[in-house]
Number of protein chains: 2
Amino acid sequence: MAFKVIKEDILSENDGVASEVRASLAQEKTFMINLISSPGAGKTSFLEVIGPKLKEEGISFVIVTGDCFTSRDAERLDALDLPVVQINTGNACHIDAQLVASALEDVDLEGMDLVIVENVGNLVCPAEFDVGEDVKIAILSTTEGDDKPIKYPLLILESALAIINKTDLLEYVDYDMDFSVENIRKINQTIKVIKTSCKTGEGIDAFLSWIKDKIKIKKIT
Amino acid sequence: MAFKVIKEDILSENDGVASEVRASLAQEKTFMINLISSPGAGKTSFLEVIGPKLKEEGISFVIVTGDCFTSRDAERLDALDLPVVQINTGNACHIDAQLVASALEDVDLEGMDLVIVENVGNLVCPAEFDVGEDVKIAILSTTEGDDKPIKYPLLILESALAIINKTDLLEYVDYDMDFSVENIRKINQTIKVIKTSCKTGEGIDAFLSWIKDKIKIKKIT
């Protein structure tokens, strides 16, 4: 029982900081997304495709990317001249609100349309931590099996959007798309599902349209 | 700093129980492996292939399989008539020593050759928790990218064997095998690397040979 209490304390302290982050973003009408996936489901590849398109559309954004140790993801994004702030979490298995708050200290949020948090690759812990985002986005992958939604239901429940990535590999893997989507909907009736491939470009426009709507709504509310 | 102290307390309590588990297994000369991978890297598929072969070889074993919520993995293994004990971790992101100790309470370890712990799909937290195993085994996958060893170095450092799974998909993904293996060796000079495919059977005999050696050594020491 002691562990449960400790965990509640940690989550409660985190939620306090998350509320502060959320309030700062609300003041600037900046929309924030928190991208969560398994290691290697394609978060960085997705940002490599989406980032340049957001720039083309004149959307101002910054990517806060979390890695346990390396700065590989940040370097990949920086190579595309995308605005990125790197967080190293050490052995921590998620980004918490304090890490995001610290990362945003050096960012000028005035007029910023979008903050993208690229979480540590992990389907469990990041789902529990509010970092002040408007929405969590679950990125699933066709190569990791169609049962992941039911095996990691908290993430699906907490997310506003589920991206099913790597559709270009569907013909080489055993992945029942209908089963996956059906289970996503059983867990979360209001979640939006977009199927994407960073190689063929499938679903990228659908995502851009979704995010632009969200940014627009945030500006007028 | 408080978090660091709490974490040290949790790990220290865990290590105490892990030592008890290790002592029970030593008494019976039972070898225990702790399988760790990302969600969907193929732990259960690997056991579906390995399990029947271990049976054929007359090796007695039990699989302790951890899942956050469902019993899907246990059902898949049970369908093959493999001996399995299911642990549900709820939102916990790893199996700890206490969960393994509880699971083994109902198992008759006398004469048992091997205990296989199938951890929760996560590259971060399980690497930190000793559950009383003889060795940790990292299962990587060609579909999750060749940079995972350097992005999750603790797991590689803690493991005696790295399995690089899904080699059948190598031709469809951008995965530099040499880069991956080179990085594994940079982190851990003594780790064994076996490349496997549960579809083509590549590497399965190499694994069986490795595990039989380990079981034999445990019996005579």
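Brief remarks follow.
- Residues located in the range A:92-128, provided they are touching an Asp or Glu at 6+ places or on another chain (Cβ under 6 Å) and over 21 Å from A:L54 (Cβ atoms): A:A127
- Among the residues listed as A:C125, A:C93, the single one being within 14 Å of chain B (Cβ to nearest Cβ), in contact (Cβ under 8 Å) with a residue 24 or more places away in the chain and touching a Pro at 6+ places or on another chain (Cβ under 9 Å): A:C93
- A:V135 vs. criteria more than 11 Å from every other protein chain (Cβ to nearest Cβ), farther than 30 Å from B:T200 by Cα and surrounded by 24 or more Cβ atoms within 10 Å (Cβ to Cβ): no
- Flag for B:E57 being over 17 Å from the mean Cα position of the chain (by Cα), farther than 27 Å from A:G40 by Cβ and modelled with pLDDT under 95: no
- Of the residues making up the range A:57-87, those that are of a type in the set (D, E) and more than 13 Å from every other protein chain (Cβ to nearest Cβ) are A:E57, A:D78, A:D81.
- Verdict on A:K212 being surrounded by fewer than 24 Cβ atoms within 10 Å (Cβ to Cβ), under 19 Å from A:I63 (Cα atoms), charged (D, E, K, R) and more than 14 Å from chain B (Cβ to nearest Cβ): yes
The values are calculated or read from the model by the stated rules, or taken from the named source; none is laboratory data. Given the structure is predicted, the values throughout are model-derived calculations rather than measurements. Here the Cβ is made from the backbone with ideal geometry for all residues, glycine too, and neighbour counts use every protein chain on show.
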